[in-house]
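Notes for the one structure printed next.
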Amino acid sequence: MSGQPNPRVGLFVTCLVDAIRPSIGFSAIQLLEEAGCRVEVPQAQTCCGQPALNSGDEKVAAALARQTIAAFEGLDYIVLPSGSCAGTIVHGYPDLLANDPVWAPRAEAMAAKTHEITSFLVDVMGFHTKGRRLEATATYHDSCAGLRELGIAAQPRALLAEVEGLQMRGLEGNDVCCGFGGTFCVKYSDISNAIVTEKAEAIERTEADLLLAGDLGCLMNMAGKLNRRGTRTRCFHTIEVLAGRADGPAIGEEG
């Protein structure tokens with residue numbers, strides 16, 4: 001739990017949230033402020049570099065890492081509504097800049113204070129949702145990077161358990177990839193489609209009203225498949241529910 005009251009927290013919005021689903025960013029700010037944080041959104045932030053890193057372009061990824069570090073230095077914590085982007089900063093940046101005597105220690109320092117948002121709320125701030133109510137059934141998908149790189153599993157479930165009226169249903173293969181994988185779904189679209197089809201079938205078997213997860217890329221992938229199949233399950237980022245913002249269009253319904 002945080003040893004300091006009202007920490008200065010830099011919100012790394014992420015590319016997809018900024019371009020596709022700003023509601024997730026607003027939900028993040030709301031929850032962080034409710035937890036007692038002073039939230040800042042550095043305007044110099046762009047991409048964390050994950051697509052370049054995953055595609056093998058380490059030069060571009062390292063340049064984006066340096067830019068991100070410079071933009072967020074001086075803050076107490078860096079928080080992201082994405083396990084994959086957070087994992088890039090926590091694990092990718094120190095590796096990318098390990099041989100740079102100037103930037104290596106700065107990368108390590110940033111990695112040490114970077115968190116995915118549900119992990120930050122639970123593990124660092126000891127936050128509890130209060131006064132949230134949602135009469136619905138929901139199931140939860142564990143996104144690969146958040147689960148495997150950062151160990152995020154219990155934290156979002158603990159927060160969701162505090163939402164009155166929300167009934168959680170188990171998802172078969174909850175920890176199995178949805179088939180998104182960033183550029184993977186473009187490079188290997190047939191394999192990706194086969195994987196997300198199996199995921200959609202598992203979601204349909206829950207008969208849940210909502211599908212929740214912590215990474216927008218995964219949610220877009222699953223929402224697209226569910227919509228094309230005519231499935232009634234609607235998709236939201238976990239923190240949209242926690243912030244009481246699940247009363248509007250779901251992911252994929254914005255148009």
In Å², rounded to a whole number, the accessible area per residue of region 8-124 with probe 1.4 Å is 40 Å²
Row for region 133-242, column shape: gyration tensor on C-alpha, a ≥ b ≥ c, rounded if a/c < 1.5 i.e. under 1.5, prolate if a/b over b/c, else oblate; value oblate
Residues with amide H under 5 Å of ALA136's amide H, sequence separation 5 or more or different chain, H placed in the peptide plane at 1.01 Å from N; which?
-> LEU166, GLN167
Most to least packed among 80-86, 181-187, 23-29, 68-74 [average Cβ atoms within 10 Å] | 80-86, 23-29, 68-74, 181-187
The set of residues whose placed amide H lies less than 5 Å from the amide H of THR114, leaving out same-chain residues fewer than 5 positions away, is ILE78
Given charges at beta-carbon only (K, R positive; D, E negative), |dipole| of the chain in Debye | 200 debye
For the chain, what number of Lys pairs, 8 or more residues apart or on separate chains, have alpha-carbon atoms under 30 Å from each other?
-> 6
Please state the relative contact order of region 43-163 as a whole percent: Cα pairs under 8 Å, 6+ residues apart?
-> 25 percent
Shape category assigned to the chain from the gyration tensor of Cα positions, a/c cut at 1.5 = oblate
Bridge type composition, region 8-124 - antiparallel percent by DSSP, nearest 5 = 0 percent
With the contact rule set at Cα under 8 Å and sequence spacing of 6 or more, what percent relative contact order holds for region 133-242?
-> 33 percent
Calculate what fraction, in whole %, of the accessible area of the chain sits on carbon and sulfur atoms when a 1.4 Å probe is rolled over the protein chains.
-> 52 percent
Report the local net charge at VAL17: Lys and Arg +1, Asp and Glu -1, summed over other residues whose C-beta lies under 14 Å from its C-beta.
-> -3
Would you mind counting up the charge near ILE152? Only other residues with Cβ under 15 Å from its Cβ, with Lys and Arg at +1 and Asp and Glu at -1.
-> -4
Quick one: net charge around VAL163, please, counting Lys, Arg +1 and Asp, Glu -1 for every other residue with C-beta under 9 Å from its C-beta.
-> 0
Express the relative contact order of the chain as a whole percentage, based on alpha carbon pairs under 8 Å and six or more residues apart in sequence.
-> 19 percent
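The values are calculated or read from the model by the stated rules, or taken from the named source; none is laboratory data. As the structure is a prediction and not an experimental result, all values here were calculated from the model. Note that we place each Cβ from the backbone using ideal geometry, even for glycine, and neighbour counts take in every protein chain shown. Remember, those area values only see protein heavy atoms, side chains included, never the ligands or the DNA or RNA. Shrake-Rupley method; radii C 1.70, N 1.55, O 1.52, S 1.80 Å.
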